[in-house]
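In what follows, a structure is listed as structure tokens, so that the remarks can point back to it.
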Amino acid sequence: MQSFSVVCTACGDVQNVGAVYRCRRCGGILEIAFDYERIFAAVTFDEMAARKVPGIWKYRELLPADPEAEPVTLGEGGTPLLEAGNLKKLGKLPNVLLKNETVNPTLSFKDRPMSVALTAAGQLGMREVVCASTGNTGVAASAYAARAGLACTVYAPVATPREKLAVMESYGAALRMIEGTFSDAYAAAQSDALDRDAFNLTSTYLNPYMVEGDKTLAYEIAVQYGGVPDWVIVPIGAGPLLAGCFKGFREMKEAGFIDRLPRMAGVQAAGCAPIVRAFKAGKRDVDPWEDPIVTKASGIADPLSTYPGDGTRTLSIIRESGGVAIEVEEERLFHWRRQLAEAEGLLAELSSTTAVAAAEIMVERRIVSREETVVAVVTGHGLKDMTVTIPKT
Ligand SMILES: *Cc1c(COP(=O)(O)O)cnc(C)c1O
Ligand SMILES: [Zn+2]
């Protein structure tokens, strides 16, 4: 029996479960809803967390898959939460814990949403998947589509790191290079998905299944930390990872597993920061980023050109959590990319380094004290973007 439904976050309309991307009534962002009372009456959160199943599928009652569904999995999730004592000595940092998502099967957290989405694709009878990608989504989609035996087409901006394109091709995906930004690739992927009746796995709020994979990150953080850290810092493009994370914490509170929620910090590179700009201006609505994109943090460079509402949703979640949106200058990003590698042995891509750099900025601005604990989500591995060379100092 279906234990979840698809509802509109704007008007509450309940949609048919299927390959749906926007509310049929008002065009709003869709979300998966669960009957938590029923779920937690049958199994407690502690019981799920204690299961021997590796990774995200130990929480399967909280994922949008039918009970008999065979998950499409490569062993995603179950990543370490690392202490970072050496880093703390190097700058004005709080107690930073690093959630190391670089050790997922395709080296980024995107494997979590892809495992859930490809499992859904099978159940919905989809034969093909498409996505727009700045790199990691395309890599994860290619691998999980291969695992599921589905054809995969990736729309990527020409600025996508070559390593990522080579990896997608290795998994057998068809590449479509787009002369433009991620937002241009987004439009091409969505029209292709609708034309060919393919499942769209673009990492925005288009596909409601994917946020459900993202939320497993929160479960692991709470279980590994043994409670709720003061802050969780998440690099954001449109922001579904941040939204998923906060949803995961809310569910654990609902389950009685935790008694409060963390504050969420969303981080963007200063060279493409539409959500931060709206946050700083005190605006409710996020506007598209119309300036040139001047950052090498390609994994999170999303100008939100035709879907600024996705940014508005992320911003409202940040505010709801009592959080902040932080932008980081290029120089500081490169600095912390290097420090993370040299001091902790962790090679992250530039987009991921934003989380650690933001921790320093938050101390400088007295948003966090050095006694507080922050979890910085290190979203993707540096090996997939070696075109970003580390400048000599
Ligand atoms: C996709 C991605 C993010 C965040 O993306 P959202 O689409 O906002 O969830 C952060 N870091 C890396 C490396 C990514 O690939
Ligand atoms: Zn609606």
Most mobile of ARG337, ARG263, ARG176 in a GNM of the chain (Cα contacts under 10 Å)
ARG176
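Taking the Cβ of LEU383 as the center, what net charge do the other residues with Cβ under 9 Å away carry, scoring Lys and Arg +1 and Asp and Glu -1? It would help to have the intermediate numbers written out before the result.
Values: positive: LYS384; negative: GLU163, GLU349, ASP385.
Every neighbour counted, the sum reads -2.
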Anyone know which of ALA148, ALA41, ALA188 comes out most mobile in the 10 Å Cα GNM of the chain?
ALA41
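At a threshold of 8 angstrom on Cα-Cα distance, excluding pairs fewer than six apart, so keeping six or more, what relative contact order does the chain reach in percent? Can you show the working numbers first?
Values: 861 pairs, mean separation 69.1, N = 393.
For the chain, the relative contact order is 18 percent.
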Within-13-Å neighbourhood charge of ALA270 [Cβ basis; K, R +1; D, E -1]:
-1
Under a Cβ-only charge scheme (Lys and Arg +1, Asp and Glu -1), can you give me the dipole magnitude of the stretch 216-302 about the Cα centre, in debye to the nearest 20?
180 debye
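Give me the dipole magnitude in Debye, nearest 20, for the stretch 157-283 about the Cα centre, with unit charges on the beta carbon: positive for Lys and Arg, negative for Asp and Glu. Display every interim value, and only then the final one.
Numbers: 13 positive and 14 negative charges, 110 e Å.
Approximately 520 debye in magnitude.
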Compute, for the chain, the length of the dipole vector about the Cα centre, with Cβ point charges of +1 (Lys, Arg) and -1 (Asp, Glu) only. Units Debye, rounded to 20.
540 debye
Which one, LEU333, LEU350, LEU175, has the greatest fluctuation when you compute a Gaussian network model over the chain with C-alpha springs under 10 angstrom?
LEU175
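For the stretch 25-119, which trypsin sites (Lys or Arg not before Pro) pass both filters: DSSP loop (anything but H, G, I, E, B) and at most 14 other C-beta atoms within 10 Å? Walk me through the numbers on the way to the answer.
Numbers: sites: ARG25, ARG38, ARG51, LYS52, LYS58, ARG60, LYS88, LYS89, LYS92, LYS99, LYS110; in loops: ARG25, ARG51, LYS52, LYS92, LYS110.
Qualifying residues, ordered by number: ARG25, ARG51, LYS52, LYS92.
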The chain: calculated mean residue ellipticity at 222 nm from DSSP helix runs of at least 4, using -39500 (n - 2.57)
-11500 deg cm²/dmol
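Give me THR137, THR79 sorted ascending by neighbouring Cβ count inside 10 Å, so fewest comes first. Mind dumping the intermediate values first?
Numbers: THR137 29, THR79 23.
So the ranking, lowest neighbour count to highest, is THR79, THR137.
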Along the stretch 59-67, Karplus-curve 3J(HN,Hα) (6.51, -1.76, 1.60; θ = phi - 60°) to the nearest Hz, with x for Gly and Pro, reads 9, 5, 4, 9, 10, x, 9, 5, x
Given an 8 Å cut-off on Cα distances and at least 6 residues of separation, report the relative contact order of the stretch 79-145 as a percent.
26 percent
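Hey, how much of the P(r) for the chain falls beyond 31 Å, as a percent of Cα pairs? Don't jump to the answer; show the numbers that get you there.
Working: 22677 of 77028 pairs.
Roughly 29 percent, rounded to a whole number.
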Loop GluC sites (Glu not before Pro), the stretch 339-393 (other Cβ atoms within 10 Å of the site Cβ: 11 or fewer; DSSP):
GLU371
I'd like to know which of GLY248, PRO274, GLY311 lies farthest towards the positive end of the charge dipole of the stretch 247-370, counting +1 on Cβ of Lys and Arg and -1 on Cβ of Asp and Glu.
GLY248
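Out of the stretch 67-142, which GluC sites (Glu not before Pro) are coil in DSSP terms and have no more than 13 other C-beta atoms within 10 Å? The partial results should precede the final answer.
Numbers: sites: GLU68, GLU76, GLU83, GLU101, GLU128; in loops: GLU68, GLU76.
In loop regions of the stretch 67-142 (DSSP not H, G, I, E or B), the sparsely surrounded GluC sites (Glu not before Pro) are GLU68.
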Count the net charge of all other residues whose Cβ sits under 14 Å from the Cβ of GLY180, scoring Lys and Arg as +1 and Asp and Glu as -1.
-3
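Just rank PHE249, PHE4, fewest to most, by other beta-carbon atoms within 10 angstrom. Display every interim value, and only then the final one.
On the way: PHE249 24, PHE4 20.
Result, fewest neighbours first: PHE4, PHE249.
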Using alpha-carbon positions, what is the distance between the centroids of the stretch 321-351 and the stretch 245-295, in Å?
17 Å
Hz values of 3J(HN,Hα) by residue in the stretch 218-223 - Karplus curve (6.51, -1.76, 1.60), Gly and Pro given as x:
5, 4, 5, 4, 5, 5
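Using the count of nearby Cβ atoms within 10 Å as a rough guide to exposure, how do TYR225, TYR144 rank from fewest to most? List each step's numbers first, then the result.
On the way: TYR225 17, TYR144 30.
With the sparsest Cβ surroundings first, the list reads TYR225, TYR144.
The numbers here are math on the coordinates, done by the rules we state, and not lab data. Quick caveat, the model's predicted, so the values are computed rather than measured. Cβ atoms come from the backbone with ideal geometry, glycine included; neighbour counts cover every protein chain shown.
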